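Inspection log for the structure reproduced underneath, given as structure tokens.
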Amino acid sequence: QVQLVESGGGSVQSGGSLRLSCVAPSFYCMGWFRQAPGKEREGVALIDSRAITRYSESVKGRFTISRDNAKNILYLQMNNLKPEDTAMYYCVVRQYYGCRIDSNMDYWGKGTLVTISS
């Protein structure tokens, strides 16, 4: 069973920054989804094996996704955080070709909670 272990969540004020990390095998597609209270999960950022990235419009320009294949670590640098970013953030991976926000993910981490206050 593939294990994805997230860390880096926490509570910060609006405008602050956090960096999420995920220790995981280097699959073709890796990324982050999030789920806010009362809402469905949404794709946040994805990166494929050629380092091509995709972001949701709500985080574009504020979040940066990167991967260190040698260390098997996926990162999400989150800057200028807003209260609407409050959610459980999940590390996700997809084994085969296709790395889009609406692509099905094969494995999910347990999540790390991010809380942004005003």
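Net charge near residue 90: determine it from the other residues with C-beta under 9 Å of the C-beta of residue 90, scoring Lys and Arg +1 and Asp and Glu -1. So the environment of residue 90 carries a net charge of +2. Excluding ligands, DNA and RNA, the accessible surface per residue across the chain is 55 Å² with a 1.4 Å probe. Annotation: amide H-H contacts under 5 Å for residue 82 (H modelled 1.01 Å from N, sequence separation of 5 or more, or interchain): 15. Only the Cβ atoms of Lys and Arg (+1) and of Asp and Glu (-1) were treated as charged; on that basis the dipole of the chain about its Cα centre amounts to roughly 160 debye.
Between the residues 10, 38, 28, the greatest Cα displacement towards the positive end of the dipole of the chain, with unit charges on the Cβ of Lys, Arg, Asp and Glu, is found for 28. Where the accessible area of segment 38-118 is counted over protein heavy atoms with a 1.4 Å probe, how much of it, in %, is carbon and sulfur? Using a 1.4 Å probe with all protein chains present, segment 38-118 comes out at 45 percent carbon and sulfur.
For the chain, what Kirkwood radius comes out of the mean inverse Cα-Cα distance, in Å?
13.9
The values are calculated or read from the model by the stated rules, or taken from the named source; none is laboratory data. Given the structure is predicted, the values throughout are model-derived calculations rather than measurements. Every residue, glycine as well, gets a Cβ built from its backbone with ideal geometry; the counts of neighbours run over all protein chains shown. Please note that ligands, DNA and RNA were not included when accessible areas were found on the heavy atoms of the full protein model with its side chains. Shrake-Rupley method; radii C 1.70, N 1.55, O 1.52, S 1.80 Å.
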